[in-house]
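Every read-out reported here was derived from the displayed coordinates using simple, explicitly stated rules and does not represent laboratory data. All values derive from a computational prediction rather than experimental measurement. Every residue, glycine among them, receives a Cβ derived from its backbone with ideal geometry; neighbour counts consider all protein chains shown.
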Amino acid sequence: MMPHSQHVLLLEDDMSIAIVITAALEDEGFAVVHCQTIAERDRQLADHSFAAFVTDVMLPDGDGIETIDRVRVLHPDMPIVILSAQNTLDTAVRATDTGAFEYFPKPFDIDELARTVRQAAGATHSPLEGEEPVADGLPLVGRSTAMQSVFRMITRVLRNDLTVLILGESGTGKELVAEAIHQLGNRRGGPFIAVNTAAIPAELIESELFGHEKGAFTGAVARHVGKFEQAAGGTLFLDEIGDMPMQAQTRLLRALQSGSVRRVGGRDEIQLDTRIVAATNKDLEPEIAAGRFREDLYYRLNVVPIHMPPLRDRRDDIDVLARHFLQHAANEGLPRRQLTAEAAELLSRQPWRGNVRELKNFIYRMALLAREDLIDVDQVVPLLTPEPSATASGMGEGVDQGEPMNGHAHGPGDIAVAVAQWLSATRPASGTIYDSAMAAFERPLFAEVLKETAGNQLRAAQALGINRNTLRKRLGELSLDPEEFTRRP
Ligand SMILES: Nc1ncnc2c1ncn2[C@@H]1O[C@H](COP(=O)(O)OP(=O)(O)OP(=O)(O)O)[C@@H](O)[C@H]1O
């Protein structure tokens, strides 16, 4: 077989995509051989070798990943680049596990693809190790570009033990990502031990993490094996790492540096065999500047950072998450519900300050309380302002108790009616409804709180939980004069 050193084989059944990719690869100096089916691919590969192979996954005659073994048998060293419209973590992992050089979820940047093929064709190919099957159906969903980057980062750490630091607001899915790394990675046969470092009293944290010997301190009536040792062969997930007390940070750093731990009151060094995944919802840089977080520990942990964007910055995910949670709620025995496109659209415009956790709790509540199985906007609106009694508790297993839900409100009808009246009376221009509504809501809210504090802006800002300068600025913008409230009527 004569190698066609500058030929690339492209398997893509969508002609318009194939044309664009061919043009970009030709610009990179390749000649492209295009085929549209797995059968054609196999015929080409039986007769020729190529500098690289670019392949789609869903093809008219089968799955491009499932049949990739046949490609590997014929051309074990040919770099493979996989393109996929199935933007799930499962596909990302399956693609990576083929030992592919790179995986591109669609839509992708054509120039980046062409550059990658150039790199692949030039590289001595060293596929990622590990061709074992992986657990599928992991419940980490998302189709936004941001989540695609998260999936890609996850696939990069599955076949190594690098320390991962997951950063993001509360409820964005940090723990779920840590679990995915464990379940899909090399250490899935071992335990996954999660420790919320913020929830353990400072004086107990060292013994919790590192263990203690009998009699190490008052109350240490028996030997205790710490979380590090419990996680041997598996993964230790250190949550809320930004809240760890200083002394424990020092011990943790020492453990990471030496690769061993010593139980409190013990003499033996115990070798560590644990992958560390840490997470925090705090911005660690200001914590370091304020002297509350050790900079050297930060660098030790921040080997592979994974950023979980807040849900409001990846609104494309809301619809798929909502449907995913409805499905889960049904699997757990709640009524099986569906959302109309308009209701899903309304959900995708909500602020979701509690992120995915808040959305999940909302969906479970909706599955329970909706009047009809097909849920439309009119059923969603009243639920967006829940009654205090309609809390997460007692609403099925899947309800996440981590955070309060989107808050206390009047009876569900009140605000919904006010909103409907306001909307029909004001009719803000399309594209400005959200901002106008927020401004309309803020005005009476600020007035109410200023009334309570007799015009005292500092106390009002404290009560609202916002910065005093922010309050002053917003009052100016809303033309609200705090002087008006200095004397109660
Ligand atoms: N992408 C996702 N797909 C499906 N479920 C998700 C996703 N992200 C988060 N969840 C669910 O949302 C809830 C909150 O997620 P998780 O506990 O992982 O957040 P977190 O960032 O670790 O929060 P905290 O900082 O408060 O600990 C969980 O029930 C989790 O299963």
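Which percentage, to the nearest 5, of the DSSP beta bridges contained in the chain is antiparallel? Roughly 15 percent of the DSSP beta bridges within the chain come out antiparallel. By how many nm would the segment from residue 302 to residue 39 grow when fully extended, if each residue of separation counts as 0.36 nm and the alpha-carbon distance is taken off? Value of the extension gain: 90.1 nm.
Given a Förster radius of 25 Å and the C-beta distance between residue 442 and residue 145 as r, what FRET efficiency does 1/(1 + (r/R0)^6) yield to the nearest 0.05? Walk me through the intermediate numbers first.
Working: r = 31 Å, r/R0 = 1.25.
Efficiency for this residue pair is about 0.20.
Charge tally for residue 293 (other residues, Cβ to Cβ under 14 Å; Lys, Arg +1; Asp, Glu -1): -3.
Run the numbers for residue 282 and residue 330: contour at 0.36 nm per residue of separation, minus the present Cα-Cα distance, in nm.
Details: separation 48, 0.36 × 48 = 17.28 nm, distance 3.46 nm.
Full-extension gain reported as 13.8 nm.
Close Lys pairs in the chain (alpha-carbon distance under 29 Å; sequence gap of 8 or more, or different chains): 10.
With the simple model of a label 7 Å out from the Cα in the direction of the Cβ, residue 232 to residue 250 spans 2.8 nm. Taking the longest Cα principal axis of the chain as reference, the axis of helix 316-331 is set at about 80 degrees. For residue 457, neighbours were defined as the other residues whose beta-carbon sits under 13 Å from its Cβ, and their charges (Lys and Arg +1, Asp and Glu -1) total +2. What's the angle, to the nearest 10 degrees (0 to 90), between helix 38-47's Cα axis and the longest principal axis of the chain? Orientation of helix 38-47: about 40 degrees from the principal axis.
Placing +1 on each Lys and Arg Cβ and -1 on each Asp and Glu Cβ, with no other charges, gives the chain a dipole about its Cα centre of roughly 1720 debye.
Efficiency by 1/(1 + (r/R0)^6): what FRET value for residue 433 and residue 470, r their Cβ-Cβ distance, R0 = 22 Å, to the nearest 0.05? After rounding to 0.05, the efficiency reads 0.45.
The modelled label-to-label distance for the pair residue 462/residue 483, using points 7 Å beyond Cα in the direction of Cβ, is 2.5 nm. Can you compute the FRET efficiency between residue 72 and residue 176 using 1/(1 + (r/R0)^6), with r the Cβ-Cβ distance and R0 = 41 Å? Round to the nearest 0.05. The computed FRET efficiency comes out at 0.80.
What is the sum of charges around residue 342, taking Lys and Arg as +1, Asp and Glu as -1, for the other residues whose C-beta is under 13 Å from the C-beta of residue 342? Write out the running numbers ahead of the final one.
Values: positive: 349; negative: 319, 345, 376, 378.
Taking every other residue near residue 342 into account, the sum is -3.
Dipole size of the stretch 252-309 about its Cα centre, with +1 on Lys/Arg Cβ and -1 on Asp/Glu Cβ: approximately 240 debye, rounded to the nearest 20. Charging the Cβ of each Asp and Glu at -1 and of each Lys and Arg at +1, and nothing else, the dipole of the stretch 1-81 about its Cα centre rounds to 260 debye. Label-to-label distance for residue 46 and residue 220 is 7.1 nm, based on points extended 7 Å past Cα in the beta-carbon direction.
Under 19 Å from a point 7 Å along the Cα-to-Cβ line of residue 323: which residues of the stretch 88-117 have their amide N that close? The answer is 88-92, 106-107.
So for the chain, averaging the separation of alpha carbon pairs under 8 Å that are six or more residues apart and normalising by length, what relative contact order in percent results?
Dividing the mean separation by the residue count of the chain yields 10 percent.
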